């Protein structure tokens with residue numbers, strides 16, 4: 001029996017256990033969206049902007065570790081997806097990005113929103129190439145299923161990332177019949193495994209080290225290696241630090257958790273990693289600028305480095321390594337545990353030293369401000385209470401700007417919780433949309449997105465999407481009427497600023513206009529009550545918090561003394 005191309009595509013998404021597709025409706029993508037109506041297994045979430053749709057798919061993929069799917073029409077409907085797709089590319093998050101195109105018999109005629117690259121039109125396929133693993137057109141209906149499966153395989157294997165497929169209107173609608181059963185066209189899934197000799201060499205380094213330390217990045221978290229790393233840490237008393245992107249790899253209150261290394265991070269973590277450790281076991285990190293305090297030389301001095309990454313190009317890119325293990329972090333950790341046991345590796349005394357040091361000096365700077373009850377609200381106080389009062393399984397997100405810096409330092413992640421970054425591209429407003437995808441991926445976990453007023457003005461329209469579909473995310477807006485991080489950095493460079501002050505907005509009223517619950521915090525004594533109301537609401541909630549604009553986030557750490 002013949003079926004439309006889009007029906008075969010939809011059935012393939014169902015076979016991949018995709019429950020949601022995010023997008024904005026338009027004529028050239030209409031056949032695909034129409035096909036979704038024939039299948040109850042997939043729900044289409046209509047975003048308010050294509051960028052929000054891409055970011056929702058990004059968040060869905062981050063939590064589920066499945067591919068996220070987003071779609072848009074041609075022309076501006078495609079280009080609007082770019083920021084979310086670029087965020088996925090830079091954070092190695094798998095997306096299938098499907099865009100519509102005008103019918104093939106209209107190519108080159110100057111049809112409305114044509115984006116074929118013919119004449120004076122943009123070329124959608126070329127537009128996406130710099131921000132995807134692959135970008136191509138589907139122009140042969142008979143190859144539709146193979147093409148989509150190739151896109152999914154490309155996005156989800158090796159170093160993951162987005163793949164873009166552009167499909168003309170008439171190709172989507174074409175009727176085809178496959179000669180062979182679709183179940184025989186299964187994709188091949190392969191894993192990356194380290195060489196045994198490399199693994200043994202790494203185990204020997206750990207055995208000989210006196211003060212080893214894990215440094216876990218986003219690659220370690222996304223692979224699902226966090227629990228295995230914690231297992232090794234506990235068995236052998238090896239402390240664990242995380243990069244900024246890896247925050248949440250280990251619960252904040254775990255006695256072996258040093259905290260975050262990097263700008264806005266914790267001095268006790270940076271001091272141990274830079275100055276005290278003799279072996280650094282880096283899992284899923286590229287040693288980026290923010291997480292290395294501007295590539296501080298302490299990451300290489302008086303220590304050896306084992307670097308584990310799925311991308312061989314990241315091994316030794318910023319620091320020379322003793323051993324590089326290329327492969328999926330979870331698979332490598334699974335092999336490392338029995339290898340450590342076979343080689344009679346003994347627990348390290350440094351683990352007890354670290355626990356004693358954390359108890360003595362703590363992790364955060366200015367801890368007294370976490371108890372400050374003055375108004376306007378101190379960010380330290382707010383973040384401390386958010387971590388304390390949120391359920392232990394809460395998933396957190398923090399958008400780009402100064403509120404992100406506060407969250408890195410003062411926000412605690414619970415044992416069953418997690419943290420989902422959008423930092424690499426650093427797009428303001430990105431976490432506002434991705435929080436919706438995270439929540440849809442795992443509804444049993446509360447989801448809290450910490451954002452600034454500037455970020456909310458860029459991406460807050462997606463609260464209306466959450467309200468329409470009753471997706472209970474909590475957005476906490478740090479309201480100080482400015483672009484906080486740009487103000488600090490520009491003023492430091494030039495001793496004056498431009499374009500950083502904002503007219504005061506009431507985000508609780510904006511939320512109500514979108515159909516969500518809007519709450520407000522003007523004084524610290526309101527925090528506990530308002531957070532309790534938000535978690536109990538079971539509906540989208542925006543909390544407008546008037547924070548102290550004079551507090552400066554801990555962003556200036558570059559050199560640390562011993």
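The values are calculated or read from the model by the stated rules, or taken from the named source; none is laboratory data. Quick caveat: nothing in here was measured; it's all calculated off a predicted structure. A quick note on method: Cβ atoms are made from the backbone with ideal geometry, for glycine too, and the neighbour counts reach across all protein chains shown.
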### Task
Filter the stretch 223-243 down to the residues that are more than 18 Å from residue 414 (Cβ to Cβ) and buried (at least 24 other Cβ atoms within 10 Å of the Cβ), then identify the one that is farthest from the chain's Cα centre (by Cα).
238
### Query
Can you name the residue in the stretch 19-47 that is within 21 Å of the chain's Cα centre (by Cα) and buried (at least 22 other Cβ atoms within 10 Å of the Cβ) and, of all such residues, is farthest from residue 148 (Cα to Cα)?
47
### Query
Does the stretch 31-42 contain at least one residue that is touching a helix residue (DSSP H, G or I) at 6+ places or on another chain (Cβ under 9 Å) and in contact (Cβ under 8 Å) with a residue 60 or more places away in the chain?
yes
### Task
Kindly establish whether residue 443 is touching a helix residue (DSSP H, G or I) at 6+ places or on another chain (Cβ under 8 Å), surrounded by fewer than 18 Cβ atoms within 10 Å (Cβ to Cβ), at pLDDT 95 or above and not in a helix (DSSP H, G or I).
no
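Residues are listed down the side, and each one gets a yes or a no for (1) more than 22 Å from residue 250 (Cβ to Cβ); (2) modelled with pLDDT of 95 or more; (3) in contact with a strand residue (DSSP E or B) (Cβ under 7 Å, 6 or more places away or on another chain):
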residue: 267; (1), (2), (3): no, no, no
residue: 271; (1), (2), (3): no, no, no
residue: 275; (1), (2), (3): no, no, no
residue: 280; (1), (2), (3): no, yes, yes
residue: 286; (1), (2), (3): no, no, no
residue: 292; (1), (2), (3): no, no, no
residue: 301; (1), (2), (3): yes, no, no
residue: 305; (1), (2), (3): no, yes, yes
residue: 312; (1), (2), (3): yes, no, yes
### Query
Looking at the stretch 464-496, which of the residues that are surrounded by fewer than 17 Cβ atoms within 10 Å (Cβ to Cβ) and modelled with pLDDT under 85 is nearest to residue 435 (Cα to Cα)?
481
### Task
Kindly indicate whether residue 436 is assigned to a helix (DSSP H, G or I), in contact (Cβ under 8 Å) with a residue 40 or more places away in the chain and surrounded by 24 or more Cβ atoms within 10 Å (Cβ to Cβ).
yes
### Query
Restricting attention to the stretch 96-130, which residues are buried (at least 17 other Cβ atoms within 10 Å of the Cβ), out of contact with any helix residue (DSSP H, G or I) (no Cβ under 6 Å at 6 or more places or on another chain) and part of a helix (DSSP H, G or I)?
125, 127, 128
## Note on the structure
Going through (1) assigned to a loop (DSSP other than H, G, I, E, B); (2) in contact (Cβ under 8 Å) with a residue 40 or more places away in the chain; (3) surrounded by 13 or more Cβ atoms within 10 Å (Cβ to Cβ) one by one, residue 339 fails only at (1)
### Summary
Of (1) out of contact with any strand residue (DSSP E or B) (no Cβ under 6 Å at 6 or more places or on another chain); (2) surrounded by fewer than 19 Cβ atoms within 10 Å (Cβ to Cβ), residue 322 satisfies every one except (1)
### Members of the stretch 157-168 that are touching a residue at least 40 places away in the same chain (Cβ under 8 Å) and either surrounded by fewer than 21 Cβ atoms within 10 Å (Cβ to Cβ) or not assigned by TED's automatic domain parsing to the domain that holds residue 32 (or both)
158, 159
## Note on the structure
Scanning the stretch 368-399 for residues that are under 21 Å from residue 269 (Cβ atoms) and touching a residue at least 12 places away in the same chain (Cβ under 8 Å) gives 369, 370, 379, 380, 383, 384, 386, 387, 388, 396, 398
### Query
Residues of the stretch 280-300 being touching a helix residue (DSSP H, G or I) at 6+ places or on another chain (Cβ under 8 Å) and closer than 24 Å to residue 208 by Cβ, which ones?
280, 281, 283, 284, 285, 287, 298, 299
### Message
Can you find, within the stretch 76-85, the residue that is farthest from the chain's Cα centre (by Cα) among those that are surrounded by 21 or more Cβ atoms within 10 Å (Cβ to Cβ) and under 20 Å from residue 424 (Cβ atoms)?
### Response
81
### Query
Can you spot a residue in the stretch 244-252 that is surrounded by 24 or more Cβ atoms within 10 Å (Cβ to Cβ), outside the structural domain of residue 158 (by TED's automatic domain parsing), within 18 Å of the chain's Cα centre (by Cα) and not in a loop (DSSP other than H, G, I, E, B)?
no
